[in-house]
1. If we keep just the residues of segment B:194-214 that are at pLDDT 60 or above and within 11 Å of another protein chain (Cβ to nearest Cβ), which is surrounded by the fewest Cβ atoms within 10 Å (Cβ to Cβ)?
2. Could you please let me know if B:ALA43 is surrounded by fewer than 17 Cβ atoms within 10 Å (Cβ to Cβ), within 14 Å of another protein chain (Cβ to nearest Cβ) and on the phi < 0 side of the Ramachandran plot?
3. Identify the single condition in (1) crowded, with 21+ Cβ neighbours inside 10 Å; (2) more than 14 Å from the chain's Cα centre (by Cα); (3) among the hydroxyl-bearing types (Ser, Thr, Tyr) that B:THR160 does not satisfy, given that it satisfies every other one.
4. Restricting to segment A:64-75, what's the tally of residues that are within 21 Å of A:GLU18 (Cβ to Cβ) and in contact with a strand residue (DSSP E or B) (Cβ under 6 Å, 6 or more places away or on another chain)?
5. If you take the residues in segment A:33-59 that are more than 14 Å from chain B (Cβ to nearest Cβ), of a type in the set (A, V, I, L, M, F, W, C) and out of contact with any Lys or Arg (no Cβ under 9 Å at 6 or more places or on another chain), which one is surrounded by the most Cβ atoms within 10 Å (Cβ to Cβ)?
6. From the list A:GLU28, A:GLU67, which one is under 17 Å from B:PHE217 (Cα atoms) and more than 10 Å from chain B (Cβ to nearest Cβ)?
7. In segment A:70-118, which residue that is touching a residue at least 24 places away in the same chain (Cβ under 8 Å) and of a type in the set (Val, Ile, Thr) is farthest from the other protein chains (Cβ to nearest Cβ)?
8. What number of residues within segment B:123-160 are within 14 Å of chain A (Cβ to nearest Cβ), in contact with a helix residue (DSSP H, G or I) (Cβ under 7 Å, 6 or more places away or on another chain), not in a helix (DSSP H, G or I) and not hydrophobic (A, V, I, L, M, F, W, C)?
Amino acid sequence: MIAQVVSPERVLYKGDAEMVVCRTSDGEIAFLPGHVPFVGALGIAKVRILVPGPEEVAAAVHGGFVEVAHDRVTVLSDVAELADQVDVVRARTARDAAADRLRHDPENTEVAEALARAELRLEVAGAATSSAATY
Amino acid sequence: MAGGQERILKRRIASVQSTKKITRAMELIAASRIVKAQQAVQAAGPYSEHITEVVRDLGAAGGSVDSPLLAPRDEIRRVAHLVVTADRGLCGAYNSSVIRAAEGSLREQADLGRDYALVVVGRKAESYFRYRDFRLDAVFTGFTDRPTYEDARKIGREVTRGFLAGEYDMVELVYTRFLSAGSQEVVRRPLVPLEQEVVEGGDARPGAEGVGPTYEFEPSPAAILDSLLPRYVEARIYAALLNAAASEHAARQRAMKSATDNADDLIISLTRVMNRARQDAITTEIMEIVGGAEALRAGKDSDHDSADSHPRSSA
C-alpha cells in the first residue's frame, strides 16, 4: 500500500505503508491494505503512517481530505507538515499566545482553532523527539 | 570643438555600458528564477490532480452534486474577471497582453449587456485599470513573482465570497499559461461556477470489468463537497498564479536579453561614430598644423621681403 501526504506546494511524503491512521469528522479511522475506496474530510489532527519497520511517520494536518483508492491512501491538506518540519519554538509561542487570548475571550473560535493547531504541531513534534530519543 | 564631440560620445558609451550591465544582471536573475518557478508549478501538480480526482469521485458517487459553486446561474448580470499580471514591468509585452485579453473580455461582456467586476492581481493591472477609471472590486499585490498558497487562499476566499453573496454570477480567470521557457500564452478560463465536466467521470465510473468501486464517505458526500470545492477553487487559482509567475520570469528574461543585445549593438555603432569623430579631429588638427606651418613659412618669407623693401625705421 502506498501512502502519500500532499500539500498544495509539494508532496510531503510518499512511500510504502502498512497502516495509515487519520481522524475524520466522525472519529479515528485506520486504513489497511485492501481497504474499500473511501473519501473523508479530516479535522485538525495527527495523521500516522506506519511504515515497514519500527518507525512511523507523523504529520500535523490542519483540515483536508483523505482518499483511498487502488490500494493508495492520499492525504490532501492545504496546511500540513511532517514531524521534523515543525518549528517547535514558533508553535510554542503561538500556543502560549493563543491560550492567553482565549482566557480573556473564551468565545473566540478563531483563537481556539489557532490553539488547536499549535497544540497539534507540538504533539506531532513531541512524538518525533521521543522517537529520536529511543535511538 | 571636435574633441568635445568625442568626449560626449565616450560618455554615452559608458552610460550604455552600465545599462547593459544592469539588463544583463536582470536577465541572469530571471533565468535562474524561471527554473525555480517551473519547479513550483510541477510541485503543485499532484495536489491539484488529486483534488480533481476526489471531486470526480464525489460526482460519480451519486446525484448529490448540487453545491452553489457548481450551479450555473440562469441570469448572468455581472461577470467578475480575475486578472493576473505582474507587480513590476521590464518584462516585454507580458503585462500588456494579459490586460489586452482582459479588456477584450470586458468588452464582450459589455456587448452582451452584462456588468463587470474586476479582481486584479499585480500592481500593473491595478494601475492600468485605476488610471482608466474602472471599478476595482479587490486588489492583490506584492507576491506575483513568488506566490504562495496563502496568497491563492486569500484570492479564492474573496472570489467565492463574492460569488456566493450574489455580487457576481460568474468568474473568469485571465492569466498567462507557462508552456515552456520559450512560449507562454494568455488564456481565459471560467473559474466559478465550476464546470460540470470536472465533476463527471473519474475513477469511480464503471471500470473495464463493468463494476466501479463503491466509495464510502465520511461524513456525507454533500458535506465533503461543500468543504472540498472552495479548496478546489483555491488550487486552480494557485496553479494560475504559479504559471503566471513562471511566465513573468520567462518574459522578463527575454526582454532583458534583447535589451542587452541592443546595448551591444548601440555600443558598436557609437564606438564607430566616436572613432570617426576622433579621426576627423586628428585630420583637422593636422590640417591646422600644416596650414599654420605653411602660413608661418609664407609669413616668414614675406617678412624677409618686406624687411628688405620696407624701410620702416631709420636702419
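1. That would be B:THR214.
2. It is true that B:ALA43 is surrounded by fewer than 17 Cβ atoms within 10 Å (Cβ to Cβ), within 14 Å of another protein chain (Cβ to nearest Cβ) and on the phi < 0 side of the Ramachandran plot.
3. (1)
4. 7
5. Going through the qualifying residues, I end up with A:ILE49.
6. Answer to the selection: A:GLU28.
7. So the residue we want is A:VAL88.
8. Residues that pass the stated criteria total 2.
The values are calculated or read from the model by the stated rules, or taken from the named source; none is laboratory data. This is a predicted model, so every value here is computed, not measured. Methodologically, a virtual Cβ is constructed for each residue, glycine included, from the backbone with ideal geometry; neighbour enumeration extends over all protein chains shown.
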